[in-house]
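Visitor: Take a look at the following structure, please.
The values are calculated or read from the model by the stated rules, or taken from the named source; none is laboratory data. Model, not experiment: these values are computed from the prediction. Note that each Cβ is placed from the backbone with ideal geometry, even for glycine, and that neighbours are counted across all protein chains shown. Only protein heavy atoms, including side chains, enter the accessible area calculation; ligands, DNA and RNA are left aside. Shrake-Rupley method; radii C 1.70, N 1.55, O 1.52, S 1.80 Å.
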Amino acid sequence: GNGANVEINQPLNVNVGGDVGIDYDLTFLNTGTANITSEGPLSILAGDANHAENLTLGTQGTGDVVVDINDSAATGGFKILGTSGYRFNLLPKGSLGIGATAPLATLDVRPNLTDGGTIAIASVSGATSFAGLLVDNTGVGDLFTASKSGATKFTILNNGNLQFAGTTNFLTTLA
């Protein structure tokens, strides 16, 4: 701790047990790829328990922020953890769960039960000259099904017809 600067012009390995502290910035000056690797779990934390500090991941220039996961693995992925469990869960094969730890579809949005069931499960809004929500099913399945507790209330069939609680209605115009 005398505040002196040390310049090392060769690779540096710190092989000590315990913590290593760096005051202020850690800058990688090479123009190639730089890596921080760990042979075990790795946590990057900002601030302390008594302060609300941000952790910012960003790029300078036009680069992207890339999260590289092993998409050939059966488990893992990219997850955002809250105090009561995973809030955002992107699985290696592309399924996205919001409020769902094990997504049941390509996009699986589950309700927020912490507010007593008083807010919508999902909300879509915008200002567009196109459709507010587009469903394009090129397969043979139905376009949309609404249900309550697993009991189907109405379905928009693949041919465009409406089906209400099991009865098909061949409506051409709705008033």
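Visitor: Which value, in Å² and to the nearest 10, is the accessible area of V14 when all protein chains are kept and the probe is 1.4 Å?
Guide: 80 Å²
Visitor: If I model a spin label as a point 7 Å beyond the Cα along the Cα-Cβ vector, how far apart are those points for I44 and F154 in nm?
Guide: So the label points at I44 and F154 sit 4.9 nm apart.
Visitor: Another question, then. Note the listed values (i) 83, 38, 36; (ii) 63, 41, 23; (iii) 95, 33, 26, then indicate which one is Cα extents along the principal axes in Å calculated from this particular structure.
Guide: Given (i) 83, 38, 36; (ii) 63, 41, 23; (iii) 95, 33, 26, the structure-derived one carries the label (i).
Visitor: Of N161, I119, A74, which is farthest towards the positive pole of region 29-172's charge dipole, taken about the Cα centre with +1 and -1 on the beta-carbons of Lys, Arg and Asp, Glu respectively?
Guide: So the residue we want is N161.
Visitor: Please check the chain for the longest run free of chymotrypsin sites (Phe, Trp or Tyr not before Pro) that are loop-located per DSSP (anything but H, G, I, E, B) and have at most 10 other Cβ atoms within 10 Å.
Guide: Longest run free of exposed loop sites: 29-129.
Visitor: Within a Cβ distance under 15 Å of T155, other residues only, what is the Lys/Arg minus Asp/Glu net charge?
Guide: Value of the local net charge: +1.
Visitor: Any idea of T59's accessible area? Nearest 10 Å², probe 1.4 Å.
Guide: 60 Å²
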